[in-house]
Every structure is written in C-alpha cells, then in structure tokens.
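Below: the structure, in structure tokens.
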Amino acid sequence: MIKPKVVILGGGFGGLTAARSLTSIADVTVVDRHNFQTFLPLLYQVSTAGLAADHVAYPIRGALRGSGAKFRMASPISIDHKNKQVKLDSSELLDFDHLIVALGSTTADFGIPGVSEFALGMKTVNEALTIRAEVMRRFEDLCRFEDNTRFSISVVGGGPTGVEMAGALAELVRGPLKSDQANAAAHIDVRLIEAGDRLLPPFSPSLSARTKKDLEKLGVQVMLKTAVKELEHRKIILKDGSSLPSEITIWAAGVKGSPAMQQLNLPTVGNRLSVEQTLQVKNYPNIWALGDIAGAVGKDGRALPMVAPVAIQQGKFIAKQIDRLIKLKPLKEFSYVDKGSMATIGRNKAVVEVKGIKLAGTIAWLTWLWLHLFYLLGGRNKIGTMADWTWNYLTFDRGNRHIMDSEIN
C-alpha cells in the first residue's frame, strides 16, 4: 500500500510528536525555519544565566533519526490547494495528502504602542541571549558608579513565564551578581507587573497568594491591577497616567499564533487558525492544525491554553485521525486532558496544581525539576542541564553570565 504524504510545518513539541507518531503509516516531511527544536519552558533560565543556550536546543534531524521522516530547513510561503502542494522559501515544492500546521506562536503586544520597539520577548534562543546580555551589560555599567544610580528590570505579565522570569532575575541579583559586586547588585530593582488582581490566574487563589509572597521574599516588587498603556525608551506608561522607569522591559504578557500563518491564506479566529473539533482547519479537510497556532476550544468553549502538553496531545491525536482516514473509520473530536499546571519561583520554591491537589515549596520544586528534565530532548542536554542545575544549587553561582550577543565580535 502506498503511504500518504504528510508535510508538517513546524518542528516544535507538537510537530515532532506528530511526525514520530506518523512515520509507520505515512511518508513524513518536517519543515522548520530552524534546524533545532527549542525547549521553551526553560528558555527563561538561559535569559538569567542559569543554563547554557545549547542545553535547551536539540537538532531536529537528531530527534527524527531512525524514524524515516525527512526534514527541510525552510519556511512555507504559500499553499497550492488544487495541486496539494506547499511552496517553501527555498523554492522547493512539497506534495502532500495531509498538511499539518504546527508553526507555534510569537509574542502578542495586544496593540499596546511601543512593545515591539522597546520590549524584549521570550520566544527564541536569540531573544533569551539578548535579555541575558542586556542584564549583564547594565550590571557592568552600574559597577562603574559609586553613587545611588539605580537600574530597573520590569517583567510584564503575571502568568507562569512572567513569574519564573521575575523569580530567576531576583535570584541572579541576590546571588551571583551580589557576589561579583555587592554595591552594584544592591542598586538593581526587579518588578513584576500584572493587569489582573492576582498572579497565575489558572491556579487556585491560595497558590497565587503563595507565589506573590515568595516573590516578594526574593525582593521582587509585585504590582497587581496595573495595566500598561504604552512603552517608551526606558519607561513604562501605565493606564492611570503614571510612569515607571525601566531600563529593561521583558514582555511575558501573552502570545499569539505565528504570523507565518497569514501567508498560508487559511481561515483564522482571533490570532489563531480556525479549526473543527477534529482539528481539521475549517473548510480544508486535508489540512490540520495543532498547538499554539490552532484555535481549538475545550469543553467549556474557551480556547485551549498555549502550552506544550496541549501540542503534544494534539500531535498524537492528529496522527490517529489520519490513521482513521486511511482505514476508512470515522473521525473523533479532540478532548484535552489537563494534567495540571506548575510554575517555579526560585530555589526550593514552586507551585503545582493537579486535579485539585495543591503543592508548594520544596516538593513542588522537585516535581517541577523532574518533569522538565523528563521532557527535555537528548541525553546530552539532560546531562548538561542537570550539571548546570547541580552547580547552581551547590555554589549559589551561575556560570553562564556571558555577554554574547550581536554587539560583541
């Protein structure tokens, strides 16, 4: 039997999961503009000198090795629906019987002026390295002063990414930077800005309160019910008309489907592709979407969260859907199984909530460490990450405090 041709656009969690699940029944080609997968949940640790950048990146060809799936490093630029072909920016045309769109997401500015010009995002390795370089560069500037000059870092967004970033920055300041130059470190302010009335909205109010308390113990200034109106150079304008100095502003307030989907001319809902409950793109039964770019909804009618577990489950589900079509069986509707939420705040500090079970403190922190290590791709990356974590924990130091961005030759 001739295997159907499946082209997968995107080599993230969902795309790679779908590829590995399909190779026994289909001729699979994965397309991504990078030749590596980024482990996004640990990207903030690269930003705060906790991990080396190569520990959160894994070669896509390595992930597909032995599976029979092919890989193309390119970006899609158009779809020829009549001939069932996708055109890449490498000028290559790929034939498909099924197309899976798994292009992920990018930073969402919600129309707030100045975000793209004056804020740093948290979606790529390059952005993480830029944040690290900017923090360390400003610290070196402070080391030259003996006066009361202050340097402020603002994290906008009180979800898991914002909480983890703010906590890691505070520990960087209180630990390694204080050891390097105590006076300079004492003049660094870290604040977390959230428009809502509590941090971590998906969690229970008690864990949100615990998170706020733990962050404040680390020295983070937590500002709730504080909406951002506009960003300017080294300044944040709030909706109440007041302003805050901010040498570095890190935007963790939300994400949206990758803008690459606009070129594909597929139906959208909000900032994501419009899909049926079967995960087929509306009006296109042979095109599927998963992960952050898919506008799938849960049983409550709300859009599913843009997190890795959703993409992984959808990748496996779409593979089964295509198998059902091959076997002339009826399709099913996707139902997300929420296995819980977690966020780390700092050393021995984390919160975990699973089906009504709430954990906080050291046990939650160890659970967070184990699960992230489990899902990290590649033995080398697991060993390297574990080595970095062990060193950081035992020495209260972080050895990745390098300024290595495009400004340095």
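The values are calculated or read from the model by the stated rules, or taken from the named source; none is laboratory data. Only a predicted model underlies this, so the values are computations on that prediction, with no experimental measurement involved. All Cβ positions, even for glycine, are placed from backbone atoms using ideal geometry, and neighbour counts span all protein chains on display.
Of the residues making up the stretch 247-285, those that are part of a strand (DSSP E or B), among the hydrophobic types (A, V, I, L, M, F, W, C) and modelled with pLDDT of 95 or more number 6. The helices (runs of 4 or more DSSP H) found entirely in the stretch 86-179 that carry 1 or more residues being in contact with a His (Cβ under 7 Å, 6 or more places away or on another chain) and more than 30 Å from Ala18 (Cα to Cα) are 115-118, 125-142. The single condition among (1) over 30 Å from Thr278 (Cα atoms); (2) touching a Lys or Arg at 6+ places or on another chain (Cβ under 6 Å) that Asp97 does not meet is (1).
Summed over the stretch 100-150, the residues that are touching a Gly at 6+ places or on another chain (Cβ under 7 Å) and surrounded by fewer than 17 Cβ atoms within 10 Å (Cβ to Cβ) give a count of 1.
Residues checked against (1) surrounded by 17 or more Cβ atoms within 10 Å (Cβ to Cβ); (2) touching a helix residue (DSSP H, G or I) at 6+ places or on another chain (Cβ under 7 Å); (3) within 30 Å of Phe374 (Cβ to Cβ):
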| position | (1), (2), (3) |
| --- | --- |
| Lys239 | no, no, no |
| Ala253 | yes, no, yes |
| Trp288 | yes, yes, yes |
| Val310 | yes, yes, yes |
| Gln314 | yes, yes, yes |
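The residues in the stretch 85-105 that are within 17 Å of Phe39 (Cα to Cα) and either among the small types (Gly, Ala, Ser) or out of contact with any helix residue (DSSP H, G or I) (no Cβ under 6 Å at 6 or more places or on another chain) (or both) can be counted, and the count is 3.
Criterion first (closer than 19 Å to Ala252 by Cα, modelled with pLDDT of 95 or more and out of contact with any helix residue (DSSP H, G or I) (no Cβ under 6 Å at 6 or more places or on another chain)) does Pro113 satisfy it? Answer is yes for this residue.
Evaluate the following for Ile77: is it within 26 Å of the chain's Cα centre (by Cα) and either buried (at least 18 other Cβ atoms within 10 Å of the Cβ) or of a type in the set (Gly, Ala, Ser) (or both)? In short, no. In the stretch 180-196, what residues are surrounded by 20 or more Cβ atoms within 10 Å (Cβ to Cβ), out of contact with any Asp or Glu (no Cβ under 9 Å at 6 or more places or on another chain) and in a helix (DSSP H, G or I)? Within the stretch 180-196, just Ala185 meets the criteria.
The combined condition, being in a loop (DSSP other than H, G, I, E, B) and closer than 23 Å to Glu171 by Cα, is not fulfilled by Leu244. There is no residue in the stretch 299-308 that is in the same structural domain as Gly196 (by TED's automatic domain parsing) and part of a loop (DSSP other than H, G, I, E, B). Considering the stretch 328-373, and only residues there that are part of a loop (DSSP other than H, G, I, E, B) and of a type in the set (Ser, Thr, Tyr), the residue that is surrounded by the fewest Cβ atoms within 10 Å (Cβ to Cβ) turns out to be Ser335.
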